[in-house]
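Derivation of every value follows stated rules applied to the coordinates shown; laboratory data play no part. Just so it is clear, the structure is predicted and the values come from calculations on it, not from any experiment. Using ideal geometry, Cβ is built from the backbone for each residue, glycine included, and neighbour counts are taken over all protein chains shown.
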Amino acid sequence: MTGGHGGGEYKDLVVFLAAAGIVVPLFSRWKISPVLGFLAAGVLLGPDGLARLAPLIPWLAWLTIDDADQLSQLSELGVAFLLFMIGLELSWERLKAMRRFVFGFGLMQVGVCTVVLGGAFMLMGQSLASAAVLGMGLALSSTAVVLPVMAERGRMKGVVGRATFAALLAQDLSVAPILITVTVLAALAASGGEMTPSVLGPALLTLAPAAVGLALIVVIGRLGLRPLFRSVAKSRKKAAGGSQELFVALCLLVVVGAGVAAQAAGLSMSLGALIAGILLAETEYRREIEINIEPFKGLLLGVFFVGVGLGLDLDAVAADPVGVFGLALALTAIKAGVVFGLARLWGLSSRAAVETALVLGPAGEFAFVILTTGMVEGIADQGFTQGVLVSATISMFTVPLMAMLGQRLARVAVPGPALTLPEPEARSGDVLIVGFGRVGRLVAEMLAEHGQSFIALDTDPAAVASGRRDGFDVSYGDAGRPELLSLCGIETARALVVTMDAPGKVDEVVTVARGLRDDLIVIARARDDRHAARLYALGVTDAVPETTEASLQLAENLLVDLGVPMGLVLASIHERRDTFRAIFQAAAPQDRRDRPTRALRARMTSPPAP
């Protein structure tokens with residue numbers, strides 16, 4: 001890197017970060033999708049925005065993004081991180097259960113939209129090859145925009161969310177075959193339209209690296225990912241609470257490495273990241289990985305949305321606003337109509353079909369890749385295709401509005417027979433056990449014996465692996481992080497049991513859990529009497545000190561062996577335990593002792609939510 005730039009080489013990145021710091025809080029306060037904010041920021045900060053005024057007001061140049069290419073690689077990573085997070089929500093079993101909808105509805109949507117849109121472009125005077133490229137590119141929707149918007153509106157866990165995801169997954173799988181088809185069309189055009197082995201052979205051979213690369217990613221991932229994360233987790237445990245950076249670095253390596261490997265095989269980076277996520281979805285490290293990746297995903301997706309805004313050519317829009325917006329509306333309407341018909345054909349109710357059709361109607365980010373390839377290969381008309389790309393960009397801006405409109409129309413649509421798609425994997429249990437050593441395992445066995453569901457967490461990879469081998473739902477993760485507790489369903493859990501033998505860590509988990517919920521039953525293991533008193537001060541429902549319980553157990557066994565009747569012994573043990581509990585609780589402030597009880601009583605007596 002050469003000197004003398006005065007930091008200007010990082011200006012675009014600084015401008016983006018400043019915009020992100022303003023856009024997200026502002027739009028959240030206004031209850032508007034941050035996606036729209038990032039798109040608008042891209043237009044404002046781009047060459048057709050404030051940069052137009054820079055010759056008159058020079059300091060505005062420091063508030064603009066001059067080099068969109070500098071952000072393009074980061075934006076591609078954002079899409080890859082999104083697909084990786086989606087993969088973590090899946091498993092091979094659930095993907096297998098959805099195969100009919102993915103490879104049925106999803107691929108049929110791509111095919112029919114390609115034919116209908118291609119036919120429309122032929123009516124507009126385009127050649128067969130050019131119309132085919134345009135149809136294939138615009139048949140795809142925007143995974144990067146649709147999924148965050150759907151998640152933001154809480155629509156991902158219903159039938160609409162699962163149907164939309166199935167269609168988007170099929171579209172992502174179609175990118176490589178579409179690009180190969182564009183290559184075949186270019187070869188046919190160069191040979192005068194003759195279908196000869198010399199034309200098809202090289203094009204079809206490009207499928208071989210993709211298939212081999214896909215197989216290698218799956219095999220290497222299945223064999224290597226779990227041992228790799230286990231090794232890092234062990235080193236993290238030995239570092240006495242440190243080495244979090246190494247775990248984060250490994251997460252980033254997996255996402256980027258899988259994406260680069262997929263690219264080298266001729267596939268999309270996002271598809272490689274999706275496969276890596278699916279491979280890790282069945283491991284004990286899924287939840288910890290998810291909370292480590294989430295911040296990177298959100299920020300990098302913001303880069304992607306800003307990049308889309310930067311790519312909007314306002315000069316082209318101003319030159320022919322009716323044509324640009326009319327084409328964007330026509331493309332969205334045609335595609336939405338096709339998706340609605342296919343969704344009804346595949347069993348979705350009218351309400352679900354309307355919402356699915358509207359969010360999938362606008363164009364997607366892969367349209368830029370496919371149409372640009374078509375122009376480079378010389379089979380897509382340069383001027384016409386550039387105009388279509390402007391309309392495609394406009395249509396992407398409408399996704400948040402389409403999602404809102406679809407949700408409202410779904411309320412008034414006539415309901416029909418609903419399609420049942422595989423439900424997301426259960427993410428919570430009646431009890432959350434933190435620490436799965438000997439004490440935590442015994443608690444889990446007793447809960448299982450009495451039919452109580454639970455999720456267990458531990459930072460010891462060996463304990464987690466042992467528990468999973470025995471059929472327990474145990475995950476690796478630091479329960480001192482509120483994001484992880486939320487991911488494990490603490491909002492709906494009935495109780496939390498903290499069984500770790502590290503007093504400081506027990507205090508940390510109890511404090512975090514109480515910060516999330518006042519009415520949760522919290523049972524914690526205490527080192528001694530003083531630790532028990534401290535835990536009551538932190539708000540536990542019950543603290544169980546090891547020294548006191550060991551003493552009471554010894555006394556109980558001794559008295560029984562001496563011939564004292566069991567009933568009298570148990571009564572005296574319980575009385576003494578209550579005495580100790582009262583002493584421990586007396587050391588805690590009154591408001592701390594009463595808070596969980598008051599909150600629980602308020603929750604039980606409050607009227608049900610409408």
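Return the loop-located trypsin sites (Lys or Arg not before Pro) in region 16-93 (DSSP other than H, G, I, E, B) with at most 11 other Cβ atoms within 10 Å of their own Cβ; answer none if there are none.
31
Going by Cα centres, region 119-151 and region 528-550 are how many Å apart?
Value for the Cα centre distance between the two parts: 64 Å.
Which of the residue pairs 157/505; 157/335; 157/234; 96/234 have a Cα-Cα distance greater than 27 Å in the structure shown?
157/505; 157/234; 96/234
For residue 112 and residue 57, calculate 0.36 nm times their separation in residues minus their Cα-Cα distance, and state this gained length in nm to one decimal.
Gain in length upon complete extension: 14.7 nm.
Taking the simple approach of a point 7 Å from Cα along Cα-to-Cβ for both residue 566 and residue 552, what is their distance in nm?
Result: 1.9 nm between the two label points.
Work out, step by step, the length gained on full extension between residue 322 and residue 542: first 0.36 nm times the residue separation, then minus their alpha carbon distance; give nm to one decimal.
Full extension from residue 322 to residue 542 adds 72.3 nm.
Under 14 Å from the Cα of residue 11, which aspartates and glutamates turn up, not counting those fewer than eight places away in the same chain?
66, 67, 69
Pop the C-beta distance of residue 14 and residue 330 into the FRET formula with R0 = 41 Å and round what comes out to the nearest 0.05.
0.55
Each residue of region 574-579 in turn: what ³J(HN,Hα) in whole Hz from Karplus with 6.51, -1.76, 1.60 and θ = phi - 60°, glycine and Pro shown as x?
5, 5, 5, 5, 5, 5
Could you go through region 461-469 in sequence order and give the Karplus-derived ³J(HN,Hα) for each residue, using 6.51 cos²θ - 1.76 cosθ + 1.60 with θ = phi - 60°, rounded to whole Hz, and x for Gly and Pro?
x, 5, 5, 5, 4, 5, x, 5, 4
Arrange 128, 253 by Cβ neighbour counts within 10 Å, fewest through most, would you?
The most exposed by this proxy come first: 253, 128.
Specify the angular offset, from 0 to 90 degrees and rounded to the nearest 10, of the alpha carbon long axis of helix 107-123 from the longest principal axis of the alpha carbons in the chain.
With rounding to tens, the tilt is 20 degrees.
Of the peptides 62-72, 524-534, how do they stack up when ordered by the mean number of other Cβ atoms within 10 Å, highest first?
524-534, 62-72
Straight-line reach only, C-alpha to C-alpha below 13 angstrom: list the aspartates and glutamates that residue 31 could link to, leaving out same-chain residues fewer than 8 apart.
Output for residue 31: 152.
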